[in-house]
1. Given the criteria surrounded by fewer than 20 Cβ atoms within 10 Å (Cβ to Cβ), touching a residue at least 60 places away in the same chain (Cβ under 8 Å), under 22 Å from the mean Cα position of the chain (by Cα) and within 30 Å of Asp240 (Cα to Cα), does Ser489 qualify?
2. Of the conditions (1) free of Cβ contacts under 8 Å to residues at least 60 places away in the same chain; (2) in contact with a helix residue (DSSP H, G or I) (Cβ under 8 Å, 6 or more places away or on another chain); (3) over 28 Å from His524 (Cα atoms), His541 fails just one. Which one is it?
3. Got a number for residues in segment 605-639 being surrounded by fewer than 20 Cβ atoms within 10 Å (Cβ to Cβ), closer than 17 Å to Glu575 by Cβ and either in contact (Cβ under 8 Å) with a residue 60 or more places away in the chain or out of contact with any helix residue (DSSP H, G or I) (no Cβ under 9 Å at 6 or more places or on another chain) (or both)?
4. Checking Val198 against (1) touching a Gly at 6+ places or on another chain (Cβ under 9 Å); (2) in contact (Cβ under 8 Å) with a residue 60 or more places away in the chain, only one condition comes out false. Which one?
5. Within segment 12-54, how many residues are β-branched (Val, Ile, Thr) and surrounded by fewer than 17 Cβ atoms within 10 Å (Cβ to Cβ)?
6. How many residues does segment 408-423 contain that are in contact (Cβ under 8 Å) with a residue 60 or more places away in the chain, buried (at least 16 other Cβ atoms within 10 Å of the Cβ) and not in a loop (DSSP other than H, G, I, E, B)?
7. Which of the residues belonging to segment 206-259 are in a helix (DSSP H, G or I) and in contact (Cβ under 8 Å) with a residue 40 or more places away in the chain?
8. Can we say Ile642 is in contact (Cβ under 8 Å) with a residue 24 or more places away in the chain, in a helix (DSSP H, G or I), buried (at least 17 other Cβ atoms within 10 Å of the Cβ) and among the aliphatic types (A, V, I, L, M)?
Amino acid sequence: MAKDVLFEIGAEEIPAGAMPGILAQLKTLAENKLAEHHLSYENLRTLGTPRRMTLMIDGVADMSAELSERHKGPSAKIAFDGEGNPTKAAIGFARGKGLDVADLVVEDGYIYAENKTAGVAAMDIFTEILPQLIHDLSFPKSMHWANLDDKFIRPVRWILALLDTAVIPVEFAGVRSSNFSRGHRFLGERGVLVQHPVDYIKNLEDNFVIVDQDVRRDMITKQLKELAASKEATIVWDEDLLEEVLYLVEYPTALCGTFDESYLNLPDAAVITPMKDHQRYFPLVSKDGKLLPMFLTVRNGDAKSLEVVAAGNERVLRARLDDAKFFFNEDRKKSLADRSEGLTKIVFQEGLGNLADKTERLLALGEAFGEACGLGEDAMVELERATVLAKTDLTTGMVTEFTELQGVIGKEYALLDGESAEVADAIFEQYLPRFAGDILPKTPAGKVLSIIDKVDNIVATFSRGLIPTGSQDPFALRRQTIGVLNTLSESALDVSLEPVWRRDLTLLGVADAKHDEIVAQLAHFFLLRLKNIYLDRQIPHDVIELVLSNEDVTVAKADGLATAIMNHRIDENVELVQAFTRMYNLVKEVTYTAVDETLFEDKAENELFQAAINAYEASQTALEAKDYDKVVALPETLVPPINNFFEAVMVMADNESVKANRLQLLRLAYEVMAVIGNVSALK
């Protein structure tokens, strides 16, 4: 008869940001453990609140499946002598499988050993695996408490473990399992009896704990939207903030607070940032998008004395906004342009000068890279001005206090200083994207400034030998590299980064002798990130290897070729791959110089030559026009003349001149594929 399992680990409040990962881990670990033990079940899910992580498994079998393994041994003629007695071969085979010779089975002229493993009771399996689940969970940071050797993300206070009504014995960090959970820290009972897993969710709800995070999320969303509608306002919605609040409360109740309208004279970002990032409040705006002197928040409790809770939140926010107001007023005493001198006091990286030095490098890089990207005269002027002001907001009190506002407050202050909207946008866009899924820079100056700023960070760090290894990436170089690649991809900027790397190494004062080595390291680092981006786009591995096999390929070109290949699927054209692979094997070490038509001895040579010349010229024209679909379609036109050539002539002719000419012809034909990539990647 199927049974239900409930396993709850109760702890001190767990950091909200860690909970989604923990619950995903717990689910995966449990699924793997049950698969290893061949124990079937109907459904498995994980639930969680700030104080608990729960595993619920429905319809668990009483016993694990009985296993049967069959091993083939020597032939019966070898296993038994003429009188039917077992030989040493049969005896040794049986002993190796833990069986008696009499248990061996003869079938189809061979002997077989059948090993059967009896099923194990579900209680015994869970008694073994539940402690393993606790120990196998990994966290960004773990802690010890009391004098215990065990460690966990937070001190464990209780363990609830049930198989139907029976308690599963589990012990961790001096805590033994029982059939008791705990309610809300302040509103519920300290001991909540759970007699059966089916009672768990209801019993906790009666004690002010909504343990199902999906139900809790729906409650929070509904309450917030209804409360905002009652104020004729719209929430500045943030899914990440909702996810964080979700794991800060066990029993959510939304409430509304207010603040003095005078704070609305501050830039919106200076008001919203303290609310969202520091206090976990949801800002409200009017129907026309203007910030309102109100906010929504979610308390961990019921609706009792909400006005007192609101007043407390208002008091805390008022202090944060007073700080913002003070810093804003102090900052406005100097323009961004007047703050450039302050950059000399901010260190960029150890041994690499200060932010004033970085600004000078960015100006030099921007001039060269901006031209390479095709920026017009006006955009180049905007880029230069934005670069001069780019880092000046780091000297302001507002950014010192609210570091999340770098670039954001720079944009606001630039507009207040009378700078153009394009310059202000570029100052903000230099930091984009800031995280996975973030927006990308849109303005021409902003795109270039964003790229060269990140490139300078990456090159400078590589020049110090601080290349990320394993999971260690203290300077977030992987994120910045992905940001550069995504910006290049989204903008379709057909430009190489290598000249920027080399120019930056010179500006950083790195010895010329080290440039090639560092550039090779940078190329490998960027290439790995680009491969991961393409894998995330569901592009097959061999297609990725093909388009990235050209050393001089740009991101824009790789994007275009990969898209075209996925449209034409030349990687799945067996005849094409075979034809060009056959050519590649012959000419991979050959450099094309010229083909001498006077040395042709067969019409197949001339046919291939004419087809190759036409295809090559068309390929180069299409490549220049960025018509990647045509570039990718052209190799297929050469397959018939290639096959005819190989059938009609011997490439390795006795006449060395003829042989060399035929290799030149094949190299010419192969160039139509070579502009796409190395065909060997499609093997």
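The values are calculated or read from the model by the stated rules, or taken from the named source; none is laboratory data. Please read all numbers here as calculations on a predicted model, not as lab measurements. Backbone-built Cβ (ideal geometry, glycine too); neighbour counts: all protein chains shown.
1. Details: surrounded by fewer than 20 Cβ atoms within 10 Å (Cβ to Cβ): yes; touching a residue at least 60 places away in the same chain (Cβ under 8 Å): yes; under 22 Å from the mean Cα position of the chain (by Cα): yes; within 30 Å of Asp240 (Cα to Cα): yes.
Against the criterion (surrounded by fewer than 20 Cβ atoms within 10 Å (Cβ to Cβ), touching a residue at least 60 places away in the same chain (Cβ under 8 Å), under 22 Å from the mean Cα position of the chain (by Cα) and within 30 Å of Asp240 (Cα to Cα)), Ser489 qualifies.
2. Going through the list (1) free of Cβ contacts under 8 Å to residues at least 60 places away in the same chain; (2) in contact with a helix residue (DSSP H, G or I) (Cβ under 8 Å, 6 or more places away or on another chain); (3) over 28 Å from His524 (Cα atoms), His541 breaks only (3).
3. Here the count works out to 3.
4. Unmet condition: (1).
5. Initially, segment 12-54 is screened for residues β-branched (Val, Ile, Thr), giving 14, 22, 28, 46, 49, 54.
From what's left, surrounded by fewer than 17 Cβ atoms within 10 Å (Cβ to Cβ): 28.
Residues flagged as β-branched (Val, Ile, Thr) and surrounded by fewer than 17 Cβ atoms within 10 Å (Cβ to Cβ) within segment 12-54 amount to 1.
6. 6
7. Initially, segment 206-259 is screened for residues in a helix (DSSP H, G or I), giving 213-230, 239-246.
Of everything in segment 206-259, those that are in a helix (DSSP H, G or I) and in contact (Cβ under 8 Å) with a residue 40 or more places away in the chain turn out to be Gln213, Arg216, Ile220, Gln223, Leu224, Leu227, Ala228, Leu241, Glu243, Glu244, Val245, Leu246.
8. Working: in contact (Cβ under 8 Å) with a residue 24 or more places away in the chain: yes; in a helix (DSSP H, G or I): yes; buried (at least 17 other Cβ atoms within 10 Å of the Cβ): yes; among the aliphatic types (A, V, I, L, M): yes.
Yes, satisfied.
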